[in-house]
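K.L.:
Here's a structure for you.
The values are calculated or read from the model by the stated rules, or taken from the named source; none is laboratory data. Values in this document were obtained by computation on a predicted structure and should not be read as measured data. No Cβ is skipped: glycine too gets one built from the backbone with ideal geometry, and neighbour counts run over all protein chains shown. To get the accessible areas, we keep the full protein, side chains included, count just its heavy atoms, and leave off ligands, DNA and RNA. Shrake-Rupley method; radii C 1.70, N 1.55, O 1.52, S 1.80 Å.
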Amino acid sequence: MGETTTVSTATGGRGRRREVSMADVAAAAGVSGQTVSRVANDRANVDPETRQRVLDAMASLGYRPNSAARALRSGRFRSIGVIMFSLSSYGNTRTLDALASVSAASGYSLTLITVQSASQSDVSGAFLRLHEHAVDGIVILIERHRLGENELSIPSGLPVVVVDSSADYPYTVVDNDQAQGARLATEHLLDLGHETVWHVSGPPESFAAERRRDAWRAALEERGSRIPPLQIGDWTAESGHRIGAALAADPAVTAVFAANDQMALGVIRALHEAGRAVPGDVSVVGFDDMPESANFWPPLTTVRQRFERVGEEAMSALIADIEGADGEHARTLVPTSLVVRESSGPRG
């Protein structure tokens, strides 16, 4: 039986609804109903000229394939779920943009669910809601974990790709190489002659912050440098400013590595306010390379993350899994790089 959709037509001066069928499209395009079905289901065995004629007929008649019926036959809904823990994070929004672009280019829609915490109940609830939305697979961005809990049990039954996670999941995991970036930042400051590097970390419950501070500490240990007390922020410029004010009062502080660019901005402001020159008295390095960092004063030395590539790799891997392409569930680390600008310099 042909697929149908309901459109509004006018008959006898009154608005009335009638069905436009595949037969209507076939008659308008001068092809068989089977050819219309192939085009509606995006099959490859239709020549381009005929396909365009059918598509034009669909458009002129207002016909749209019945996606529910198509899903029942193919077992696919052409829809992907995304679970995120924050839309305020710069990295998450950039990654989401890339996920949306790749999914749209591949003919999939996105259903986004945000959760307030990375608790097991919130994650399981999000999976249940996505099952109700009939998705073919799920991308999950794990930015936070509960204190003392490094791993969540992710419900099975659908293809899953995990973004930004250090946990060992039996799924494809894609991430920026956070440890590489933190090591590059720390070693850059040590190579400039600074005896040690102070670190303004993100919050304790953040996977990304954890990986960056662990790599900072390891880089100092390998160089035999003293490890200063850890300064814990919350990713905001305000927390960087508060911590920066305390660091500015300590003349022993000559180099600061902040775990993101916003906190680095707050640190630089506090140093300026205390009369300590950047980088003459204190060098500052950030992390992310957000577009505004080149316009900080001074322009910020920072670690560039490739959020777009992470999103592209994650979505491509998920779609390959959904469509049955062979491949192992691997961990992909996208390289980070140091962008040297004017906020870092030799020890004065």
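K.L.:
From the Cα gyration tensor of the range 214-309, with a ≥ b ≥ c the square roots of its eigenvalues, which class applies: rounded if a/c is under 1.5, or else prolate if a/b is larger than b/c, or else oblate? Please report the intermediate quantities before stating the final value.
P.N.:
Working: a/c = 1.61, a/b = 1.06, b/c = 1.52.
Oblate.
K.L.:
Order the following by accessible area, largest value first: SER89, SER343. Probe radius 1.4 Å; ligands, DNA and RNA are ignored.
P.N.:
Details: SER89 40, SER343 0 Å².
Ranked list, largest accessible area first: SER89, SER343.
K.L.:
Here is a further query. Highest first, please rank the peptides 171-177, 224-230 by the mean number of other Cβ atoms sitting within 10 Å of their residues.
P.N.:
On the way: 171-177: 23.0, 224-230: 11.7.
With the highest mean Cβ count within 10 Å placed first, the list reads 171-177, 224-230.
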